[in-house]
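Asks: Below is a structure I'd like to ask you about.
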Amino acid sequence: MAEETKFEPRIVAFLCNWCTYAGADLAGTGRNQYQANVRVIKLPCTGGIDPLFLIKAFERGADGILVSGCHPGDCHYNSGNYHARRRWNVFRPLLEFCGINPERIQFSWVSAAEGGKWVETINGVVDTVRALGPFEGYQKINAVGSDASGEAATSGDTG
Amino acid sequence: MGKKIGVFVCHCGTNISATVDVEKVAEETKKNNPGVAYTTTYKYMCSDPGQKLLRDKIKEEGLTGVVVAACSPKMHEHTFRNAAVKTGLNPYHVEISNIREQCSWVHPDIPTGTDKSIDLVRMMTEKTRKDKSLTAIKVPVTKRALVIGGGIAGIQAALDIADGGQEVVMVEREASIGGHMAQLSETFPTLDCSQCIMTPKMVEAAQHDNITMYTWSEIESITGYLGNFDVKIRKKARSVDLDLCTGCSSCWQVCPCKKIKSEFDMGIGNRTAIYIPFPQAIPSKPVIDRENCILFKDARKKNIKPNDSKVCRKCIDACPIAPVKAIDYNQEDEIVDVKIGAIIVATGFRELEDGLYGEYGGGKYEDVITGLQFERLASASGPTEGKIKRPSDGKEPEIVVFIQCVGSRDPAKGCSYCSKTCCMYTAKHTMLYKHKVHDGHAFVFYIDIRCAGKGYEEFSQRAIEEEGATYLRGRVSRVYKKGEKLIVLGADTLTGSVVEIEADMVVLASAMKAQDDAEQFAQKLSIQYDKDKFFSEMHPKLKPVESSSAGIFLAGTCQGPKDIPETVAQAGAAASKVLALLSSDELEREPVVARVDRQLPPVFSTCIGCFYCQKVCPYSAIESEDIKARDGSVIKTVARVNEGLCQGCGLCAATCRSKSVELEGFNDEQIYAEINALEFN
């Protein structure tokens, strides 16, 4: 079980260009250190994030995902972040239904001026997912596809 | 055919190379990414030799895609894309991998930072593989500017643009242009008369061939985008025909309603129901105050048309214009449509509401007045013709107490910010008072004296040393009435004593606040505002006159408290931005816009015409398009993106059910390429 203790969660962050991406840049400018588990994918707006992107990231082995954009009322595109939130509200129960612990996907507002909040947010996500353990739902499904044993098909997320 | 991608890893001096093994990043990238044809590292990629290296290698190696692993794309994406353009490579094949702000600066451990950098570079390389050539979008420019607000900021901006040879439409919601500056008596630090420097500018603006002025008018709506705004202006019913009226004054001289508080005189003077706000008003043509005019009151009560009321017709009878009178009681609001290329917002400020500071007697005692009311008292064209008299009994005050920071720097009750002008105008007020009441005493309670400006410190020192104003450092706790006197209770923190002054008049240096409707107005324009409802500039240092929306600029106190010289400077800066914008016939925009799949023949478009995209679009950029057969019958209706309106948020793409909308530069293929490059497994 030595591997278990060494588990480092793999986090993908989908960030909007105007607020959180700039906030993450600010954390860098301020030399605020945080855990290196995150890989950032930049989009113009959180409202333009297709839920399938998140599913795809899980398929590629992510253990947790962060979606972060502008604060309510501050969206560069007026209302994109509201659409993102609404989409998330619909998507969340679907995840649960599929057996994925919704804590693996987190949603936050971090402005371009909140380098400190970015650090807190990303460390929080890493710690939460570390506690949940690795996400193996997809590997199990893939295993079913390859050897057709069927045993793990319905187990979903164990975290 | 695969792309030939070049990866350039920047050391950024030691900013990156101190915590990321850049050589290893380049090596691993070359080794593990078959599409990467060339990798190198360089000390400073953004420097001239760095850019030359990039250009040379694009040519020598025949690169068709470039990844620069360096600082944030917000810093130098533009730089490297421009460098690529010089070699003939389409700039949208150049991507930045952010290994400084989001890696080397935040992860001090070299192996960790190096591994993450390798990942980030790989993700961006995969995205670059899917990049398509894009061409900048050209949009035509309407060569006409809109200036909202007719105070000194608006007037200065309008004059500068008009002198630059472009048309200007100016909208002012009051009956006259002039704004707050027209209300001031004298200006600091020179004590020259405000009217004397303001009114010539007002006349110049009114007479300028390139300026069309709408007073007593408001912005109804603004739609469209940079270079192509559609603006609806509501000309409120003035009840006076501006073309016919000569401003002869016959009407307001006979008006029987003479006791209406004058807004221009801040309530310490009176006006009639048909009135011009002040003698030098531009246009010097009256407006009827429909709330207070007895004819309109009567018409409302009887629910008849105003012209049918017979209560009072003195003004129309007095009007010498014939055969058609210049006064029209039945006049209605009119909507004017104008096409505009760029907008300057110069909507100004308001004074802190009277009565917020009840402990100072504001709004309760007549002789406790605000800074602007004092300006009207001291003004030669004011209700007292420049004589300093107490509003309550008209007596000359022997002792006047000035209280600074009323509302300003008081987050608990007023506002957290400093209103910036009050220290100077209070010093000015003490001088104006002493010049007019030679044996009078002026006391000033202050927290700090902030007089940073050319000649400002000297001016406030003059008030203290030469003009003999007594400055007391401390706050006032209470003002109450005792007989005819106002007792001011305060502290002098420098001597540590409590001060009680029997004053005849108290002047509150009230804070500058954002206009009451600033929030709604900002929403109408889709521009951002701060916590105090002042409009936000794009960048606090480098873009101080741009708003958050392209083509909309800010001038004057609508952006934050400032004095006249600063306002004029900002207005000039905004005007120069507008002139630059209007100088070209076409504008180029980043081609990051949405596109609906549009195959040939168009009937094969995968769009199913559900128009969910239209519902989510914040810019009304989705139009519908009929696909017709040869006989003209409609086969199907599909969505189409108006490139000029689209701002590239991608909401439509994420909403589309048939995956028929893509956001250029961030299309599904590109994002999935990035996700697939996550080599977690």
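Read-outs throughout are calculated quantities, based only on the coordinates presented, and are distinct from any laboratory measurement. Since we're looking at a predicted model, the values are computed, not measured. We place every Cβ from the backbone using ideal geometry, glycine too, and count neighbours over all the protein chains shown.
Asks: Scan (1) over 28 Å from B:Leu581 (Cβ atoms); (2) buried (at least 21 other Cβ atoms within 10 Å of the Cβ) for the single condition B:Thr190 breaks and write down its number.
Replies: Going through (1) over 28 Å from B:Leu581 (Cβ atoms); (2) buried (at least 21 other Cβ atoms within 10 Å of the Cβ) one by one, B:Thr190 breaks only (2).
Asks: For region B:574-596, give me the residue count where each residue is more than 27 Å from B:Ala153 (Cα to Cα) and part of a strand (DSSP E or B).
Replies: Final tally of qualifying residues: 6.
Asks: Right, something else. In region B:8-31, which residue that is more than 15 Å from B:Lys116 (Cα to Cα) and without any contact (Cβ under 8 Å) to a residue 60 or more places away in the chain is surrounded by the most Cβ atoms within 10 Å (Cβ to Cβ)?
Replies: Across region B:8-31, the extreme among qualifying residues is B:His11.
Asks: Tally the residues that are assigned to a strand (DSSP E or B) and in contact with a Gly (Cβ under 9 Å, 6 or more places away or on another chain), restricting the search to region B:602-638.
Replies: Adding up the residues that qualify gives 4.
Asks: Moving on. Scanning for something over 34 Å from the mean Cα position of the chain (by Cα) and among the aromatic types (Phe, Trp, Tyr), does region B:42-57 turn up at least one residue?
Replies: yes
Asks: Select from region A:20-50 the residues that are over 23 Å from B:Glu679 (Cβ atoms) and either among the aromatic types (Phe, Trp, Tyr) or surrounded by fewer than 21 Cβ atoms within 10 Å (Cβ to Cβ) (or both) and write down the one among them that is farthest from the other protein chains (Cβ to nearest Cβ). Please lay out each step first, then the result.
Replies: Taking region A:20-50 and keeping what is over 23 Å from B:Glu679 (Cβ atoms), we get A:20, A:22-23, A:25-33, A:44-48.
Filter again for either among the aromatic types (Phe, Trp, Tyr) or surrounded by fewer than 21 Cβ atoms within 10 Å (Cβ to Cβ) (or both), leaving A:29-33.
Values: A:Thr29: 6, A:Gly30: 8, A:Arg31: 6, A:Asn32: 7, A:Gln33: 5 Å.
Filtering first and then ranking leaves A:Gly30.
Asks: Among (1) in contact with an Asp or Glu (Cβ under 8 Å, 6 or more places away or on another chain); (2) of a type outside the set (Phe, Trp, Tyr); (3) outside any helix (DSSP H, G or I), where does B:Lys562 come up short?
Replies: (1)
Asks: Do we have B:Ala571 as in contact (Cβ under 8 Å) with a residue 24 or more places away in the chain and either in a helix (DSSP H, G or I) or β-branched (Val, Ile, Thr) (or both) here?
Replies: In short, yes.
Asks: Shifting gears a bit: Find the residue count for region B:545-559, including only residues that are touching a strand residue (DSSP E or B) at 6+ places or on another chain (Cβ under 8 Å) and assigned to a loop (DSSP other than H, G, I, E, B).
Replies: Within region B:545-559, residues that are touching a strand residue (DSSP E or B) at 6+ places or on another chain (Cβ under 8 Å) and assigned to a loop (DSSP other than H, G, I, E, B) number 6.
Asks: Here's another thing I want to ask about it. Just give me the residues in region B:96-112 being facing chain A (nearest Cβ under 7 Å) and either surrounded by fewer than 24 Cβ atoms within 10 Å (Cβ to Cβ) or closer than 23 Å to B:Phe80 by Cα (or both), in sequence order.
Replies: B:Arg100, B:Glu101, B:Gln102, B:Trp105, B:His107, B:Pro108, B:Thr112
Asks: Mind checking which residues of region B:669-681 are in contact with a Lys or Arg (Cβ under 7 Å, 6 or more places away or on another chain) and part of a helix (DSSP H, G or I)?
Replies: B:Glu669, B:Gln670, B:Tyr672, B:Ala673, B:Glu674, B:Ile675, B:Asn676
Asks: Looking only at region A:78-96, which residues are at the interface with chain B (Cβ under 8 Å from one of its Cβ atoms) and under 21 Å from B:Ser660 (Cα atoms)?
Replies: Passing the criteria: A:Gly80, A:His83, A:Arg87.
Asks: Restricting the search to region B:482-536, which residues are among the basic types (Lys, Arg), over 14 Å from B:Ile399 (Cβ atoms) and assigned to a strand (DSSP E or B)?
Replies: Within region B:482-536, B:Lys513 is the sole residue that qualifies.
Asks: Among the residues of region A:51-74, how many are more than 8 Å from chain B (Cβ to nearest Cβ), touching a helix residue (DSSP H, G or I) at 6+ places or on another chain (Cβ under 8 Å) and free of Cβ contacts under 8 Å to residues at least 40 places away in the same chain?
Replies: 1
Asks: Within region B:644-681, how many residues are more than 10 Å from every other protein chain (Cβ to nearest Cβ), closer than 20 Å to B:Pro602 by Cα and surrounded by fewer than 18 Cβ atoms within 10 Å (Cβ to Cβ)?
Replies: Summing the residues that are more than 10 Å from every other protein chain (Cβ to nearest Cβ), closer than 20 Å to B:Pro602 by Cα and surrounded by fewer than 18 Cβ atoms within 10 Å (Cβ to Cβ) in region B:644-681 gives 2.
Asks: Quick test of your reading of the structure: A:Ser111 fulfils all but one of (1) under 27 Å from B:Ala677 (Cβ atoms); (2) within 12 Å of chain B (Cβ to nearest Cβ); (3) in contact with an Asp or Glu (Cβ under 8 Å, 6 or more places away or on another chain); (4) not charged (D, E, K, R). Name the failing condition by number.
Replies: Of everything listed in (1) under 27 Å from B:Ala677 (Cβ atoms); (2) within 12 Å of chain B (Cβ to nearest Cβ); (3) in contact with an Asp or Glu (Cβ under 8 Å, 6 or more places away or on another chain); (4) not charged (D, E, K, R), A:Ser111 misses just condition (1).
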